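**Student:** I'd like to ask some things about the structure below.
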Amino acid sequence: MLVEIPRWLLVASLIFAPWAYGSTRPWAIQGLSFLLGCICLLWLAGCLILRRRPALPLVALIPSAGLMLQGWWMALNAHSCFDVDLDALLPKAPLAPGAPGSANGPASVSVMFLFTGLLGVFLFCCDLAQHAVWRKRIWATMALTGFSIAAFGILQKIGGEAVLGLIWEPEKRDLTNNFATFRYRGNAGAYLNLIFPMMTGLAFLTFQRHDRHWRKALWSTGLFVLVMGIQLNPSRASWFIGIILGLILGMKIFWLYGKRQNEFSPKLVLTFVMGLTLVLLAIGLISFLGNWETSWRRFNLLGFNPADRSPTEIYLRMVPDAGVMGFGPGTFSAVFPSYQETYDFGNRTVPQFWKDGFFEHAHEDYLETLIEWGYLGTLSWSVLVFGGMARGVARYFQKQTPLSLRWLLFCSLLALSGTLTQALIDFPLQIASIQLYLLVLLGICWGARRTNPVEE
């Protein structure tokens, strides 16, 4: 039981995280933190009782432990806390006055409960990824959950205010911004793009293996619904990234089919182009007839200029002050206003919301990471993320890697790349549900290897 329960709890958390408003509300974050904590405790208890040493890469274990230590130290040695009524940071007595500490102690404590669970589950997945059966279950769970989120988002488009009212309060209903359980279209788009390669990989493998017809129907329908969701979600950035992901996946599949037949015949090319054209025409026609606010429509009306999205120059001003240890996890929204009020834009004309708007997160995840975690924490996160991707690439090119594992690694790397690209102009890496999915995929990249060929 101690072996199996944490594994099934991981499956439950992958379903819970996006459906609980993307795990953006306090109660959802607390619930997810509790689930992840249970997974970690049961996993460690099982290892102790069975006297089994988890198979963890040392290069992944050290930065994970370092992030936990740094985050909790900053939280417990806080130098101030944010007072909501006064809208100001109030000083408090730290444990070690001369040492770095968080600028907002309560926020850092709350965030560190979540991050401790996330990093623990990351290590758990590094260990679990050696089991082919559980790799497939995680893969399928992610894809099916993404399918359900996309379907619900499409239902919202069809039903309008009546369906939005099922989960959103009146002041939060916005057809141009809501999609499924995500209030902000950018985060919804990042989540859908995360699932897109995973769903495509499952659909391709199902047709390759001449599997049962209901499975072919399930994954092909899921892929169509997911692509439809990316189009109907009114996020221009995620729509553009989705197109790039689709082109890469299409070229990959086209190349494999051509290689399988030993030539790229005109018939193969024509079939591929016609199939892709029909799918795109169907999606475009449905979007046009529905007269909905879509990513394409917003792109035509507003264009796309990343430079206007947020005051990046203020973030760059904050980074040197953050220093080696940063201002502390979860402190951006408390620290940013003081810089926002005093920053001099000179005589330039800038958007008004740069000067007086509320920024819970920076629309630039890498700079926010530097601001909250400093140079040391950012280095540790970089080792986990880019080291995991490098490990996944190496596993992918190993000759003995089975087809299913190779596709899982390829889709995981593509999903990670899409989200990391959007993080340049948005804040998907600050959303708990997306953080969970990313760390699970990174755990697979770090730990996946061929075990029993029969399992593959």
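The values are calculated or read from the model by the stated rules, or taken from the named source; none is laboratory data. What you are looking at is a predicted structure, and each value in this text was computed from that prediction instead of being measured. The protein model used for the area step is the full one, side chains on, heavy atoms only, and it has no ligands, DNA or RNA in it. Shrake-Rupley method; radii C 1.70, N 1.55, O 1.52, S 1.80 Å.
**Student:** Rolling a 1.4 Å sphere over the protein heavy atoms, what is the accessible area per residue of segment 90-140, to the nearest Å²? Mind showing how you got there, number by number?
**Tutor:** Details: 1780 Å² over 51 residues.
Ligands and nucleic acids excluded, the result is 35 Å² per residue.
**Student:** Next question, about the same structure. Given Cα positions, please report Rg to Rh for segment 1-116, the hydrodynamic radius being the Kirkwood one. The partial results should precede the final answer.
**Tutor:** Numbers: Rg = 17.4 Å, Rh = 16.4 Å.
A ratio of 1.06.
**Student:** What are the extents of the Cα atoms of segment 302-456 along their three principal axes, in Å, largest first?
**Tutor:** Extents along the principal axes, in whole Å: 66, 39, 22.
**Student:** Scan around Cys81 for amide H atoms under 5 Å from its own, H built in the peptide plane at 1.01 Å from N, and keep only partners 5 or more places away or cross-chain.
**Tutor:** Distant-sequence amide H within range of Cys81: Leu90, Lys92, Gly105.
**Student:** Normalised radius of gyration for segment 76-160, please: alpha carbon Rg relative to 2.2 N^0.38 Å, two decimal places. It would help to have the intermediate numbers written out before the result.
**Tutor:** Working: Rg = 21.2 Å, N = 85, 2.2 N^0.38 = 11.9 Å.
Working it through for segment 76-160, the quotient is 1.78.
**Student:** A further question on this structure: Compute the distance from the alpha-carbon center of segment 402-421 to that of segment 320-351, in whole Å.
**Tutor:** 35
**Student:** OK, next. With runs of 4+ DSSP H residues as the only contributors, calculate the mean residue ellipticity of the chain at 222 nm using -39,500 (n - 2.57) per run, divided by the residue total and rounded to the nearest 500. Could you put the intermediate results ahead of the total?
**Tutor:** Details: 17 runs with 312 residues, N = 456.
Value at 222 nm, helices only, nearest 500: -23000 deg cm²/dmol.
**Student:** If I take all pairs of Cα atoms in segment 127-168, what percentage of them are more than 14 Å from each other? Could the numbers behind the result be given before it?
**Tutor:** Details: 519 of 861 pairs.
Percent of Cα pairs beyond 14 Å in segment 127-168: 60.
**Student:** Would you work out what percent of the accessible area of segment 331-390, with all protein chains in place, is carbon or sulfur (probe 1.4 Å)?
**Tutor:** Heavy-atom surface of segment 331-390 belonging to carbon and sulfur, 1.4 Å probe: 58 percent.
**Student:** Shape verdict for segment 122-247, please, from the Cα gyration tensor: rounded (a/c under 1.5), prolate (a/b greater than b/c) or oblate. Please list the in-between numbers first.
**Tutor:** Values: a/c = 1.99, a/b = 1.68, b/c = 1.18.
In terms of gyration-tensor shape, prolate.
**Student:** Find the all-direction average of the projected area of the Cα convex hull for the chain, expressing the result in square nanometres with one decimal place.
**Tutor:** Numbers: hull surface 98.6 nm².
For the chain, the mean projected area of the Cα convex hull comes to 24.6 nm².
**Student:** For segment 247-257, what does the Karplus curve 6.51 cos²θ - 1.76 cosθ + 1.60, with θ = phi - 60°, yield as ³J(HN,Hα) per residue in whole Hz, taken in order and with x for Gly and Pro?
**Tutor:** Rounded to whole hertz, the list is 5, 5, 5, x, 5, 5, 5, 4, 5, 5, 5.
**Student:** Output needed: percent of Cα pairs per 10 Å distance bin for segment 340-414, bins running from 0 to the one holding the longest distance.
**Tutor:** Calculated over all Cα pairs of segment 340-414, the distribution is 15, 27, 22, 19, 11, 5, 0 percent.
**Student:** Pairs of Cα atoms under 8 Å, at least six residues apart: use those to get the relative contact order of the chain, whole percent. The partial results should precede the final answer.
**Tutor:** Details: 646 pairs, mean separation 106.0, N = 456.
Relative CO of the chain lands at 23 percent.
**Student:** Still on this structure: Rounded to the nearest Å, what's the spacing between the alpha carbon centres of segment 225-246 and segment 40-74? Just the number, please.
**Tutor:** With segment 225-246 and segment 40-74 each reduced to a Cα centre, they are spaced 36 Å.
**Student:** Using a probe radius of 1.4 Å on heavy atoms only, what accessible surface per residue do you get for segment 359-437? Whole Å² is fine.
**Tutor:** Values: 2640 Å² over 79 residues.
It amounts to 33 Å² per residue over segment 359-437.
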